[in-house]
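Comments concern the structure below.
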Amino acid sequence: MALAARGLMMNQYCRLLVLPVFGVLSAAWSVWAEDWPVLGRDASRNAVSPEKDPPTDWEIGKFENKAWRWWQWGPEKSRNIKWAAPLGSMTFAAPVVANGQIYIGANNGVGYLKRYPNDIDLGCLLCFAESDGRFLWQFSAEKLPTGRIHDWPLQGLGATPLVEGDRLWFVSNRSEVVCLDTKGFRDDENDGSFKGEPVQGADEADVVWRFDLISKLGVFPRSAGMGPNRRCSIAPSYQNRIYVVTGNGVDDSFVQVPTPEAPSLVCFDKTTGEVLWTDSSPGKNILCSQVADPLVVEIGGRGQVIVPQGDGWLRSFDALTGELIWKFDINPKLSKWIIGGRGARNEFFATPVYYKGRVYIASGQGVEYGEGPGRLVCVDPTKVGDISSELAVDSQGRSIPHRRTQAVTPELGERAIANPNSGLIWEYTKVDHNDDGVIDPEEEFHRTVSNVVIKDDLLVAVDFSGFIHCLDARTGRRHWAYDALACIWSSPLIVDDKVYAADEDGDVMVFNLSADPQRAMRDFDGMLEAINAFGPTPLAP
């Protein structure tokens, strides 16, 4: 499965132009590719495909617009495209592929079901045949009555599902954890304990179980406004358990957390939906929302659930008991959280990636808050306790409790000191790469909502400011950077020796995987450019 990264679009016009690039290209490659059943392909969350010789150029073909609600694709003049399928007016999730079927979250801009015409706003999980793009079935979630704070209009279903066997799990726009039968009702069976489906047709989803995080656990989900309506993308299960970040967040004031005691993380029995344990560590210190995805790995014979949480801390929990193993503060202790993105204190949108015994993640803020400084870190997950790079202490050198907006206030005599138990292996924030005494924009890592990808000890990271960075995964040393000249909301992908990245303009950029910028890119009139960059095909009038 190729380009299985979040394709994040800004509006309906951009969506109609751009998302077919992702969806269509994915379909073309997945004919001969292995399954891609989860965000990041497997438990490592490292989006590296094992396939060889991927295409580096394509022609989408011709699209015809019908009143901005539907488009038709013709294979004429297309190249390296097998089929196309409409997904609605906005899509923020990534596709997954398993057992001959493709699943992706969207809104109801197409109106595949007769009972829900396309003027009814829904969150939809769509299922297509991998072979030819035929629509198979749809899960439909009506919008929450509480409106924009919990469920922004037209943004659809923003979670990427997990598929294992004939079961599928995801978090809906209604903050429900849902388990589906991948066959839908096409097998003429109503599977599972849930029997409340209003329609049991061949094009409808078969719900096995569902759990409402709002009504049952008191979660107050914070919906993004101008940015993507993200929900947790569940990691592969561990000993019959799945782990869900709930989305508990702040209210309309952006200051108060209405339900700080509500869980931020829940462990479920994947078969029954029973709650096995919960965690509410961020409590009243949640900065805004909690939508980053967990990483579940076994280290030293012990399962760890590594979760980017809403107070800016990366925490690891015992996968079976929920016991805290370690925690890492992504933010410098002196950084401040200021409403509207004006401060340097960040939260998480990215998913941790596991590679050769290390964990990699970067910080950011919601895209509606604009650009700002970010921090990319490599952490040792074998340590225990507080493994942050710094500790916050008072004027007497005593540890002070964590605070939401600023961990250390120098005016009170407080300070940050080096942590002797630090698990930080390296960090990348900025470096004067050309030694000219000035930090240029491409020499700084900015806020990001994207995951890193790593192969052959080469790490590729993108940031919201539109820069693509290539680093040494072992040391954090910068090899090269590229300016896409457009914001990047999606995550990069590596296939064979090629790196793929897409920006908000709809351009898909291709690079050779190399530490040498002269090999990674091509010379174009004295400037280094991507080896290929393809934009969307304009709609026919």
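The values are calculated or read from the model by the stated rules, or taken from the named source; none is laboratory data. All figures in this text were calculated on a predicted structure; none of them were measured in a lab. Glycine also receives a Cβ, built like all others from the backbone with ideal geometry; neighbour counts cover every protein chain displayed.
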The stretch 41-74: number of residues that are of a type outside the set (Asp, Glu), surrounded by fewer than 16 Cβ atoms within 10 Å (Cβ to Cβ), part of a loop (DSSP other than H, G, I, E, B) and at pLDDT 55 or above: 2
Given (1) surrounded by fewer than 24 Cβ atoms within 10 Å (Cβ to Cβ); (2) touching a helix residue (DSSP H, G or I) at 6+ places or on another chain (Cβ under 9 Å); (3) under 21 Å from residue 351 (Cα atoms), number of the condition residue 260 does not satisfy: (3)
Pairs where the first residue, in the stretch 119-135, is touching a residue at least 24 places away in the same chain (Cβ under 8 Å) and the second is buried (at least 24 other Cβ atoms within 10 Å of the Cβ) and of a type in the set (Phe, Trp, Tyr), C-beta under 6 Å, 6+ apart: 125/139; 127/103; 127/137
Selection count, the stretch 422-446, where residues are modelled with pLDDT of 95 or more and assigned to a loop (DSSP other than H, G, I, E, B): 4
Check on residue 186, touching a residue at least 12 places away in the same chain (Cβ under 8 Å), basic (Lys, Arg) and in a strand (DSSP E or B): no
Subset of the stretch 502-520 (residues that are surrounded by 21 or more Cβ atoms within 10 Å (Cβ to Cβ) and either assigned to a helix (DSSP H, G or I) or touching an Asp or Glu at 6+ places or on another chain (Cβ under 9 Å) (or both)): 509, 520
Long-range neighbours under 8 Å by Cβ, at least six apart or interchain, first residue β-branched (Val, Ile, Thr) within the stretch 469-482, second part of a strand (DSSP E or B): 475/426
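Restricting to the stretch 151-179, what's the tally of residues that are within 26 Å of residue 218 (Cβ to Cβ) and either among the β-branched types (Val, Ile, Thr) or assigned to a strand (DSSP E or B) (or both)? Lay out the reasoning, then the answer.
Restricting attention to the stretch 151-179, the residues satisfying the condition of being within 26 Å of residue 218 (Cβ to Cβ) are 151-153, 155-162, 169-179.
Those left that are additionally either among the β-branched types (Val, Ile, Thr) or assigned to a strand (DSSP E or B) (or both): 158, 160, 162, 169-171, 176-179.
Matching residues across the stretch 151-179 total 10.
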Checking residue 388 against (1) of a type in the set (S, T, N, Q); (2) under 23 Å from residue 445 (Cα atoms); (3) out of contact with any Asp or Glu (no Cβ under 6 Å at 6 or more places or on another chain), the condition it does not meet: (3)
Count - residues of the stretch 14-40 that are closer than 17 Å to residue 497 by Cα and either modelled with pLDDT of 90 or more or buried (at least 24 other Cβ atoms within 10 Å of the Cβ) (or both): 0
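Would you check if residue 312 is buried (at least 24 other Cβ atoms within 10 Å of the Cβ) and either at pLDDT 95 or above or aromatic (Phe, Trp, Tyr) (or both)?
On the way: buried (at least 24 other Cβ atoms within 10 Å of the Cβ): yes; either at pLDDT 95 or above or aromatic (Phe, Trp, Tyr) (or both): yes.
Against the criterion (buried (at least 24 other Cβ atoms within 10 Å of the Cβ) and either at pLDDT 95 or above or aromatic (Phe, Trp, Tyr) (or both)), residue 312 qualifies.
For (1) small (Gly, Ala, Ser); (2) assigned to a strand (DSSP E or B); (3) closer than 16 Å to residue 177 by Cα; (4) in contact with a Lys or Arg (Cβ under 8 Å, 6 or more places away or on another chain), each residue gets a yes or a no:
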position	(1), (2), (3), (4)
211	no, yes, yes, no
250	no, no, no, yes
256	no, no, no, no
281	yes, no, no, yes
Residue match in the stretch 191-213 (condition: surrounded by fewer than 16 Cβ atoms within 10 Å (Cβ to Cβ), more than 25 Å from residue 92 (Cβ to Cβ) and hydrophobic (A, V, I, L, M, F, W, C)): yes
Residue in the stretch 232-259 that is nearest to residue 317 (Cα to Cα), counting only those that are charged (D, E, K, R) and out of contact with any Asp or Glu (no Cβ under 9 Å at 6 or more places or on another chain): 251
Filtered residues of the stretch 373-420 (kept if buried (at least 17 other Cβ atoms within 10 Å of the Cβ), farther than 27 Å from residue 449 by Cα and among the charged types (D, E, K, R)): 414, 415
Residue in the stretch 287-308 that is part of a loop (DSSP other than H, G, I, E, B), free of Cβ contacts under 8 Å to residues at least 40 places away in the same chain, on the phi < 0 side of the Ramachandran plot and within 22 Å of the chain's Cα centre (by Cα) present: no
Breaking point among (1) touching a Phe, Trp or Tyr at 6+ places or on another chain (Cβ under 9 Å); (2) aliphatic (A, V, I, L, M); (3) over 19 Å from residue 242 (Cα atoms), for residue 177: (3)
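Name the single residue, out of those in the stretch 270-297 being farther than 22 Å from residue 329 by Cα and touching a strand residue (DSSP E or B) at 6+ places or on another chain (Cβ under 7 Å), that is surrounded by the fewest Cβ atoms within 10 Å (Cβ to Cβ). Steps first, answer last, please.
First, pick out the residues of the stretch 270-297 that are farther than 22 Å from residue 329 by Cα: 270-277.
The next check asks that each one be touching a strand residue (DSSP E or B) at 6+ places or on another chain (Cβ under 7 Å); those that pass are 270, 272-277.
Numbers: 270: 23, 272: 15, 273: 19, 274: 11, 275: 16, 276: 16, 277: 18.
In this case the residue turns out to be 274.
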